[in-house]
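The values are calculated or read from the model by the stated rules, or taken from the named source; none is laboratory data. Keep in mind the model is a prediction, meaning the values are calculated, not measured. Neighbour counts are summed over all protein chains in view; Cβ atoms, including those assigned to glycine, are modelled from backbone coordinates with ideal geometry. In case anyone asks, the SASA skips ligands and DNA or RNA and just uses the protein heavy atoms, side chains included. Shrake-Rupley method; radii C 1.70, N 1.55, O 1.52, S 1.80 Å.
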Amino acid sequence: MSSMQQKALYLDGPCGEFVIKTKEIQKPEPGEVLVKIVATALNPADWKVQKFNPPFIEYYPFLLGADSAGIVEEVGEGVTSFAKGDRV
């Protein structure tokens, strides 16, 4: 795995299995921040997405996991509320 890739948790298909895959680390777009994740967790919404196949998922594999904490690595254009090194 190169330094421009990260591991991520995906749902592999409708009502499928959780799988860990690598994905490229994207540069933050205007108004976005790139966060180096230090801690993350699954929450009840994640297993419900896996079990019930909600209609908002349009494609697979689907990237899961929204509960996380880390350190801002880079800020996109126009971001003023966060700076590199901020804990979030």
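List of remarks:
- Where strands (runs of 3 or more DSSP E) fall entirely within the chain, those with at least 1 residues that are open to solvent by 100 Å² or more (accessible area, probe 1.4 Å) are at 5-11, 18-24, 33-41.
- Pairs, first more than 21 Å from Lys7 (Cβ to Cβ) in the range 41-56, second open to solvent by less than 100 Å² (accessible area, probe 1.4 Å), C-beta under 6 Å, six or more apart: Asn53/Pro14; Asn53/Cys15
- Cβ-Cβ under 8 Å pairs, at least 6 apart or on other chains, the range 71-86 side under 12 Å from Leu34 (Cβ atoms), far side small (Gly, Ala, Ser) and at pLDDT 95 or above: Ile71/Gly85; Val72/Ala83; Val72/Gly85; Val75/Ala83; Gly76/Gly31; Val79/Gly31
- Some residue of the range 5-21 being in contact with a Pro (Cβ under 6 Å, 6 or more places away or on another chain) and closer than 28 Å to Phe82 by Cβ: yes
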